[in-house]
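Colleague: Sharing a structure here in structure tokens format.
The values are calculated or read from the model by the stated rules, or taken from the named source; none is laboratory data. Worth saying up front: this structure is predicted, and the values here are computed from it rather than measured. Glycine also receives a Cβ, built like all others from the backbone with ideal geometry; neighbour counts cover every protein chain displayed. Keep in mind that these areas ignore ligands, DNA and RNA; they rest on the heavy atoms of the full protein, side chains included. Shrake-Rupley method; radii C 1.70, N 1.55, O 1.52, S 1.80 Å.
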Amino acid sequence: MTATPIAEGAHGGNLDWAAREFGGQATDWLDLSTGINPWPYAFDPPPAADWARLPGEAGLSRLRRAAARYYGAGPSASVVPAPGSQALIQQLPGLRPGARVAIVGRLSYSEHATSWRNAGNDVATGLTLAEAVASADVVVVTNPNNPDAGTCAADELRAAHRELARRGGLLVVDEAFADVVPGQSVAGDAGVNGLVVLKSFGKFFGLAGLRLGFALTSGTDRAQLERAVGPWPVSGPALSIGCQALADSAWQQSTRTRLDGAMTSFAAALKAATAGEPDIRVVGKTPLFLLLEHADAEAIWRTAAHQHILLRRFAERPTWLRIGVPPDPDCEQRLVGLLTERPSTTAC
């Protein structure tokens, strides 16, 4: 059987495409391809007026303050809200046009390289942090990295920023998955020139459809990014829900504990079931996703898809599978069975 082209589901989460390929409706599928919290924040419905009028500056100001407090932004940091961190990624090349750009990590979120290349920049990928700082004007670090969960220590990032800033360069730290490991964040350093910290709201709060994200940056770069994203960057309902969720510290703490416990359980069950299997190993893990190396990754992916479970595969690493946190014990056991069986590569 011809392998299903990876490009069609390149970023994960494309359930409409998956349903066309493997049947059912999108609502029938379990999506474990994105690393999004399966237990979304239960918000109070926004006031009816938020749906009927354009969002105002007062609401944006409240959201900026709530985000600054939640993320622990530095006192001089500027907060730029946007309809998802992806919208900000696409505007970053405007901060340093014509720059040499380096992306840290053996494989990372591809939209960073795509956005800089589309703007006409030279982009190198797969570098270590030291290699990137030595060779580029702009260095992009996803921390924790997506998909292998690799991390750079905060002190290493601070040293990299100092060197880049000395040369007028820029350090971009994408902390899309850092809400579950806040001790790794450099948000507290935001506000100095030459540093942009990106935050994704939807992953930890489980509300990806809300489309909300933030850049924590200096005043100079704030002006450029705000011009780029334009007026009314966030909807009125997103302002209301974002402010609620960012202020709910009790939910945040309990959810970190819940996610960590669920992923720890999944990893332990998988380890026990694959003992003595040299061709199955965990490559990286955060409380929101696990990256597995499996000799039969393509066949596993297809078998899961025929069961209406969407996992994340990678054209660049055909033996890798990324799996989001299982939402319940039954799903955990189902996944362990799926990953430890030997699927046929031809059966459908």
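Colleague: Using the structure shown, decide if residue 165 is in contact with a Gly (Cβ under 7 Å, 6 or more places away or on another chain) and in contact (Cβ under 8 Å) with a residue 12 or more places away in the chain.
Modeller: yes
Colleague: On to the next question. Regarding residue 79, is this residue within 19 Å of the chain's Cα centre (by Cα), more than 21 Å from residue 160 (Cβ to Cβ) and hydrophobic (A, V, I, L, M, F, W, C)? Spell out the reasoning first.
Modeller: Values: within 19 Å of the chain's Cα centre (by Cα): yes; more than 21 Å from residue 160 (Cβ to Cβ): yes; hydrophobic (A, V, I, L, M, F, W, C): yes.
Against the criterion (within 19 Å of the chain's Cα centre (by Cα), more than 21 Å from residue 160 (Cβ to Cβ) and hydrophobic (A, V, I, L, M, F, W, C)), residue 79 qualifies.
Colleague: Of a type outside the set (A, V, I, L, M) and at pLDDT below 95, is that true of residue 75?
Modeller: Against the criterion (of a type outside the set (A, V, I, L, M) and at pLDDT below 95), residue 75 qualifies.
Colleague: Search the range 260-271 for residues that are open to solvent by less than 20 Å² (accessible area, probe 1.4 Å) and pair each with any residue that is of a type outside the set (A, V, I, L, M) and part of a helix (DSSP H, G or I) when their beta-carbon atoms are under 7 Å apart and the residues are at least 6 apart or on different chains.
Modeller: 266/332
Colleague: I'd like the residue in the range 25-37 that is part of a loop (DSSP other than H, G, I, E, B) and open to solvent by 40 Å² or more (accessible area, probe 1.4 Å) and, out of all such residues, is farthest from residue 253 (Cα to Cα). I'd like the intermediate steps shown before the answer.
Modeller: Here is the first cut: in the range 25-37, the ones part of a loop (DSSP other than H, G, I, E, B) are 25, 29, 32-37.
Going one step further and asking which of them are open to solvent by 40 Å² or more (accessible area, probe 1.4 Å), we end up with 25, 36.
On the way: 25: 34, 36: 17 Å.
Applying the filter and picking the extreme gives 25.
Colleague: Return the residues of the range 186-200 that are in contact with a Lys or Arg (Cβ under 8 Å, 6 or more places away or on another chain) and either assigned to a helix (DSSP H, G or I) or at pLDDT below 95 (or both); say none if nothing qualifies.
Modeller: 187, 189
Colleague: Something else about it: Out of 150, 183, 126, which single residue is open to solvent by 10 Å² or more (accessible area, probe 1.4 Å), in a loop (DSSP other than H, G, I, E, B) and over 22 Å from residue 81 (Cα atoms)?
Modeller: 150
Colleague: Tell me, yes or no, whether the range 99-115 has at least one residue that is of a type in the set (Gly, Ala, Ser), open to solvent by 50 Å² or more (accessible area, probe 1.4 Å), more than 19 Å from residue 312 (Cβ to Cβ) and out of contact with any Pro (no Cβ under 6 Å at 6 or more places or on another chain).
Modeller: no
Colleague: Restricting attention to the range 129-139, does a residue exist that is touching an Asp or Glu at 6+ places or on another chain (Cβ under 8 Å), open to solvent by 10 Å² or more (accessible area, probe 1.4 Å) and either part of a strand (DSSP E or B) or closer than 25 Å to residue 180 by Cβ (or both)?
Modeller: Within the range 129-139 (the criterion being touching an Asp or Glu at 6+ places or on another chain (Cβ under 8 Å), open to solvent by 10 Å² or more (accessible area, probe 1.4 Å) and either part of a strand (DSSP E or B) or closer than 25 Å to residue 180 by Cβ (or both)), the answer is yes, since at least one residue qualifies.
Colleague: Among the numbered conditions (1) within 25 Å of the chain's Cα centre (by Cα); (2) part of a helix (DSSP H, G or I); (3) not aliphatic (A, V, I, L, M), tell me where residue 318 comes up short.
Modeller: So residue 318 meets the others, but not (2).
Colleague: Taking the condition at negative phi, touching a residue at least 60 places away in the same chain (Cβ under 8 Å), assigned to a strand (DSSP E or B) and not β-branched (Val, Ile, Thr), does residue 81 pass?
Modeller: Yes, satisfied.
Colleague: Tell me which residues, restricted to the range 50-60, are part of a helix (DSSP H, G or I) and either open to solvent by 30 Å² or more (accessible area, probe 1.4 Å) or farther than 12 Å from residue 243 by Cα (or both).
Modeller: Correct list: 50, 51, 52, 57, 58.
Colleague: Condition check: among the aliphatic types (A, V, I, L, M), closer than 30 Å to residue 330 by Cα and at pLDDT 95 or above. Does residue 36 satisfy that?
Modeller: On the way: among the aliphatic types (A, V, I, L, M): yes; closer than 30 Å to residue 330 by Cα: yes; at pLDDT 95 or above: yes.
Here the answer is yes, as residue 36 does meet what is asked.
Colleague: Moving on. Hey, can you tell me all the residues within the range 222-235 that are in a helix (DSSP H, G or I) and open to solvent by less than 10 Å² (accessible area, probe 1.4 Å)?
Modeller: The one that is in a helix (DSSP H, G or I) and open to solvent by less than 10 Å² (accessible area, probe 1.4 Å): 225.
Colleague: Another question, if that's okay. Evaluate the range 237-244: report whether one residue or more is surrounded by fewer than 18 Cβ atoms within 10 Å (Cβ to Cβ) and polar (S, T, N, Q).
Modeller: Checking the range 237-244: at least one residue is surrounded by fewer than 18 Cβ atoms within 10 Å (Cβ to Cβ) and polar (S, T, N, Q).
Colleague: Turning to a different aspect of this structure: Which number in (1) in contact with a helix residue (DSSP H, G or I) (Cβ under 7 Å, 6 or more places away or on another chain); (2) open to solvent by less than 60 Å² (accessible area, probe 1.4 Å); (3) not in a helix (DSSP H, G or I) marks the one condition that residue 282 misses?
Modeller: Every condition holds for residue 282 apart from (2).
Colleague: Could you count how many residues in the range 205-221 are closer than 25 Å to residue 253 by Cβ and either among the β-branched types (Val, Ile, Thr) or in a helix (DSSP H, G or I) (or both)?
Modeller: 4
Colleague: For the range 273-288, which residues satisfy the criterion of being modelled with pLDDT of 90 or more and over 26 Å from residue 151 (Cβ atoms)?
Modeller: Within the range 273-288, just 273 meets the criteria.
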